[in-house]
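Inspection log for the structure reproduced underneath, given as structure tokens.
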Amino acid sequence: MKSPLLSLPGAVPGEGVDEGVAAHYGDLFREQRALADGTGFVDLSHRGVVTVTGEDRLSWLHLLLTQHVSDLPTGRATEALILSAHGHIEHALYLVDDGTTVWAHVEPGTQEALIAYLESMKFFYRVEVADRTEDFAVVYVPAGSIADVPDGIAVRETAYGRDLFLPRTDLESYAGKSGPAAGLLAYEALRVEQHRPRLGFETDHRTIPHELGWIGTAVHLQKGCYRGQETVARVQNLGKPPRRLVFLHLDGSDVHLPPAGTELRVADEGPDGRKIGFVTTSVRHHELGPVALALVKRNVPVDARLLAGETAAAQETVVEP
């Protein structure tokens, strides 16, 4: 879904799943600094919006999600996953309940598969699931912002900022009075700095929650059964995940960032050494310079210097080995 805000001055479209919104508006670092200072907003209107209504909505979702939501207080933001039977991550949902409706935003293009799964699990529960992507746009407002929030809309407020579920017809007028607009690259740079994983970027077909640090934030370990719980419990109680998320400081002398999928090796073993992981997201940060998130094998020493392709990289631990 193409955003009307791509008509703003300087807007450059994103790529891949993010092509429907602006990657930047002409000044990546200025846009990052604005967000870090608590000003402006980010157009996330390409993300899917799914709602669940009905008196059983929370108790029903509690059976399906990795998060404890049966008693979710009105207005409290949370996040949750849907796993495969083998415990691999299939969907990531960013939720809030407004008292009558659960609102969730999800990765662009994933809402149809998510809704198909939810519909297949309705049975006798009094719930209605709807795709509201055509009607509502997600807008991110950074932490510390004093901008007014429109009345009557659902809002997810987190430590990182607010996600607004804005009527899509109001998107342009909101942008006109709530600028400056920041592009998705600025948002992604702060996400990487905050070590927050993203479905489809830090995940592949075999990712389990422990590898990305989603235990606690998106997975509740003391709730009842859900699909994939056996894997979560087994890894938590008896073992360690095969991979772990790391934060990389990349050599700033390289002109190009190593793209997602770039193979990682231990620097001491040279460029022909064994593959020990891969880059998942790389960005240019306004203060930290070129940085990235990556997945590495659990047994890689935490102090080992790495090579991302030919680029030197120093790692910081995100998930303990």
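The values are calculated or read from the model by the stated rules, or taken from the named source; none is laboratory data. This is a predicted model, so every value here is computed, not measured. Glycine also receives a Cβ, built like all others from the backbone with ideal geometry; neighbour counts cover every protein chain displayed. Side chains included, ligands, DNA and RNA excluded: accessible areas come from the protein's heavy atoms. Shrake-Rupley method; radii C 1.70, N 1.55, O 1.52, S 1.80 Å.
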Q.
Below 8 Å, C-alpha to C-alpha, sequence gap of six or more: please give me the relative contact order for the chain in percent.
A. 19 percent
Q) So which of Lys223/Lys297; Lys122/Lys223; Lys2/Lys177 end up more than 24 Å apart by C-alpha? A) Lys223/Lys297
Q | Per residue, in Å², the accessible surface of the range 96-145 once ligands and nucleic acids are set aside, probe 1.4 Å | A | 44 Å²
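With a ≥ b ≥ c taken as the square roots of the eigenvalues of the C-alpha gyration tensor of the range 152-191, please select rounded if a/c is under 1.5 and otherwise prolate if a/b is larger than b/c or oblate if it is not? It would help to have the intermediate numbers written out before the result.
On the way: a/c = 2.37, a/b = 1.24, b/c = 1.92.
It comes out oblate by the Cα gyration axes.
With Cβ to Cβ distances under 13 Å as the rule, what net charge do the other residues near Gly228 carry (K, R +1; D, E -1)?
On the way: positive: Arg206, Lys223, Arg227, Arg234; negative: Glu90, Glu230.
Net charge in that neighbourhood comes out at +2.
With each run of n ≥ 4 DSSP H residues scored as -39500 (n - 2.57), what mean residue ellipticity at 222 nm is computed for the chain after dividing by its residue count and rounding to the nearest 500 deg cm²/dmol? Don't jump to the answer; show the numbers that get you there.
Numbers: 7 runs with 59 residues, N = 321.
My calculation for the chain gives -5000 deg cm²/dmol from helical runs alone.
Where does each of Ser178, Ser173, Ser70 land when they are ordered by accessible area, with a 1.4 Å probe and the largest first? Please report the intermediate quantities before stating the final value.
Numbers: Ser178 15, Ser173 70, Ser70 40 Å².
In descending accessible area the options line up as Ser173, Ser70, Ser178.
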**Q.** Phi-based couplings in Hz for the range 271-279 (Karplus 6.51, -1.76, 1.60; Gly and Pro marked x)
**A.** x, 9, x, 5, 6, 10, x, 7, 6
Q: Among the GluC sites (Glu not before Pro) in the range 252-297, which ones are in a DSSP loop with at most 12 other Cβ atoms within 10 Å of the Cβ? Mind listing them?
A: Glu287
Q) Can you give the charge dipole size of the range 1-112 about its Cα centre, rounded to the nearest 20 debye, using +1 on the beta carbon of Lys and Arg and -1 on the beta carbon of Asp and Glu? A) 160 debye
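Determine the gain in length on full extension of the stretch Thr53-Tyr125; use 0.36 nm per residue of separation and subtract their C-alpha separation, reporting nm with one decimal.
Working: separation 72, 0.36 × 72 = 25.92 nm, distance 1.10 nm.
Stretched fully, the Thr53-Tyr125 segment lengthens by 24.8 nm.
Evaluate Rg over Rh across the range 113-242, taking Cα atoms for both radii and Kirkwood's formula for Rh.
Numbers: Rg = 18.4 Å, Rh = 18.1 Å.
A ratio of 1.02.
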Q) Can you list the HN-Hα couplings for the range 153-159, worked out from phi with the Karplus curve (6.51, -1.76, 1.60; θ = phi - 60°), rounded to whole Hz and with x for Gly and Pro? A) 10, 6, 9, 9, 9, 10, 5
Q | Charge dipole (debye, nearest 20) of the range 227-319; +1 at Cβ of Lys and Arg, -1 at Cβ of Asp and Glu | A | 620 debye
Q.
So, taking all protein chains as they sit and a 1.4 Å probe, how much accessible area belongs to His86, in Å² rounded to tens?
A. 130 Å²
Q: Show the residues, 5+ positions off or on another chain, whose built amide H is closer than 5 Å to the amide H of Gly179.
A: none
Q: Among Ala181, Val49, Val102, pick out the residue whose Cα is farthest towards the positive end of the charge dipole of the range 34-181, where Lys and Arg carry +1 and Asp and Glu carry -1 on C-beta, about the Cα centre.
A: Val102
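What are the equivalent ellipsoid semi-axes of the range 182-321, built from the alpha-carbon gyration tensor (square roots of five times its eigenvalues), in whole angstrom, biggest first? Show your work: numbers first, answer last.
Numbers: eigenvalues 148, 69, 25 Å².
Working from the Cα gyration tensor, I get semi-axes of 27, 19, 11 Å.
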Q: Pop out the carbon and sulfur fraction of the accessible area of the chain as a percent, whole number, probe 1.4 Å.
A: 51 percent
Q: For the range 43-101, just say rounded, prolate or oblate: build the C-alpha gyration tensor, square-root its eigenvalues into a ≥ b ≥ c, call rounded for a/c under 1.5, and beyond that prolate if a/b exceeds b/c, oblate if not.
A: oblate
Q: Quick one: net charge around Phe247, please, counting Lys, Arg +1 and Asp, Glu -1 for every other residue with C-beta under 9 Å from its C-beta.
A: -2
Q: Please work out how much accessible surface Met121 shows to a 1.4 Å probe, ignoring ligands, DNA and RNA, in Å² rounded to 10.
A: 50 Å²
Q. Long-range amide H contacts for Ala143: which residues qualify at under 5 Å (H placed 1.01 Å from N, peptide plane, sequence gap of 5 or more or a different chain)?
A. Gly161, Arg162
Q | Probe 1.4 Å, all protein chains present, accessible-area order of Thr39, Thr311, Thr169, largest first | A | Thr169, Thr39, Thr311
Q: List, in order, the whole-Hz ³J(HN,Hα) value for each residue of the range 179-191 obtained from phi through the Karplus relation with A = 6.51, B = -1.76, C = 1.60 and θ = phi - 60°; use x for Gly and Pro.
A: x, x, 6, 10, x, 5, 5, 5, 4, 5, 4, 6, 4
**Q.** Three principal axis lengths of the chain [C-alpha, angstrom, descending]
**A.** 59, 52, 29
Q | Accessible-area value, Arg265, 1.4 Å probe, nucleic acids and ligands omitted, Å² | A | 50 Å²
**Q.** Value of relative contact order over the range 200-300, rounded to a whole percent, pairs C-alpha under 8 Å and six or more apart
**A.** 29 percent
Q: Determine the dipole magnitude for the chain: charges of +1 sit on the beta-carbon of Lys and Arg, -1 on that of Asp and Glu, nothing else is charged, the reference point is the Cα centre, and the result goes in debye to the nearest 20.
A: 800 debye
Q. Per residue, what volume in Å³ does the convex hull of the Cα atoms of the range 166-259 enclose?
A. 187 Å³
